Amino acid sequence: MARSKSSSAWLKRHVNDPYVHRARAHGYRSRAAYKLIEIADRGGLARPGDAVVDLGAAPGGWAQALAGRVGRSGRVIAVDLLEIAPIPGVAIVRGDFREETVLQRLDEVLGGRKLDLVVSDMAPNLSGVSATDQARSIHLCELALEFAKAHLKPKGAFLVKVFQGAGYSVFLAAMRGVFVAVASRKPGASRGESREMYLLGKTLKGGTGP
């Protein structure tokens, strides 16, 4: 069966993508690792000894990069509905983040430890209806924000992928209501035509302590 023009274009772009080649050379499972690395380098995130939760972690590129940054003294927990092959230094919780039982398992793994960083690269299963997909995406961001608010240390940070469109400005306002500082990031590995944006919140409002 002949490929469609769109799939052929995607394949050509993928084959020629420098981030794909870099990911293969460095052993990362996805080119998305470089989005995290650029933002983390700029923002001073995921330092040695940090405790981090990665929401929507499959296939594991972000978790790999995080584990390398926090080292053996740190902790990385990856959560996704999809299966994630084992990653050295990463605890994996498989399940739907929206379900209470999965959140309970995650809390058990954390053992009451507060987090230095929560990252979310979650995206919904696409329906093909843009308004529906955008609403689902924003809802996932809201859930991730609530998780971060409940589990971060006072001076912790939250990094989340958000698609620009309906609900984006409302979610941005919600972020500003939770964190002292909120910045938007568009890393080099994020394709120019993509509507994705990364929002970084630092230091919980009203928080005290480390």
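Throughout, read-outs are computed from the coordinates displayed, never taken from laboratory work. Note that the structure is predicted; figures quoted are calculated from it, not measured. We place every Cβ from the backbone using ideal geometry, glycine too, and count neighbours over all the protein chains shown.
With respect to the chain, whose longest principal axis is taken over its alpha-carbon atoms, helix 168-178 is tilted by about 20°.
Label positions at V170 and R42, each projected 7 Å from the Cα along the C-beta direction, are separated by 2.8 nm. What's the longest uninterrupted piece of the chain once you rule out the GluC sites (Glu not before Pro) that are loop residues per DSSP with at most 11 other Cβ within 10 Å? Result for the longest clean stretch: 100-192. Distances between placed amide hydrogens fall under 5 Å for L117 paired with A51, V53, A157, all partners being 5 or more residues away or on another chain. With springs only between Cα atoms under 10 Å, which of S169, S184, S127 fluctuates most in a Gaussian network model of the chain? So, out of S169, S184, S127, the one fluctuating most is S127.
Ellipticity at 222 nm from helices only: DSSP H runs of n ≥ 4 in the chain, each -39500 (n - 2.57), divided by the residue count, give -13000 deg cm²/dmol. Rounded, prolate or oblate: which fits region 156-210, taking a ≥ b ≥ c as square roots of the Cα gyration tensor eigenvalues, rounded meaning a/c under 1.5, else prolate when a/b beats b/c? In terms of gyration-tensor shape, oblate. Residues whose amide H lies under 5 Å from that of M122, counting only those 5 or more places away or on a different chain, are K161; hydrogens are built 1.01 Å from N in the peptide plane. Using a Gaussian network model of the chain whose springs link C-alpha atoms within less than 10 Å, name the residue from L117, L126, L45 with the highest mean-square fluctuation. For the chain, modelled as a Gaussian network with Cα springs under 10 Å, the answer is L126.
Measuring nothing but how far apart in sequence close Cα pairs (under 8 Å, 6+ apart) lie, relative to its length, region 105-210 scores a relative contact order of 30 percent.
Using the Karplus relation 6.51 cos²θ - 1.76 cosθ + 1.60 with θ = phi - 60°, the per-residue 3J(HN,Hα) values for region 106-115 come to 5, 4, 5, 5, 5, x, x, 6, 7, 9 Hz, with x marking Gly and Pro. Overall, the anisotropy analysis places the chain in the prolate class: the square-rooted eigenvalues a ≥ b ≥ c of its C-alpha gyration tensor yield a/c not less than 1.5, with a/b exceeding b/c. Between the helical axis of 130-151 and the longest alpha-carbon principal axis of the chain there is an angle of about 30 degrees.
Just checking the listed ones, P88, P48, P59: in the Gaussian network model of the chain with Cα springs under 10 Å, the one fluctuating most is P88.
Helix 61-70 against the longest principal axis of the chain: what's the angle in degrees, Cα atoms only, rounded to the nearest 10? Helix 61-70 and the main axis of the chain meet at about 40 degrees.
Distance cut-off 19 Å, Cα to Cα: go down the list K153/K202; K149/K186; K149/K202; K114/K205; K114/K155; K35/K205 and report the pairs above it. Flagged as over cut-off: K149/K186; K35/K205.
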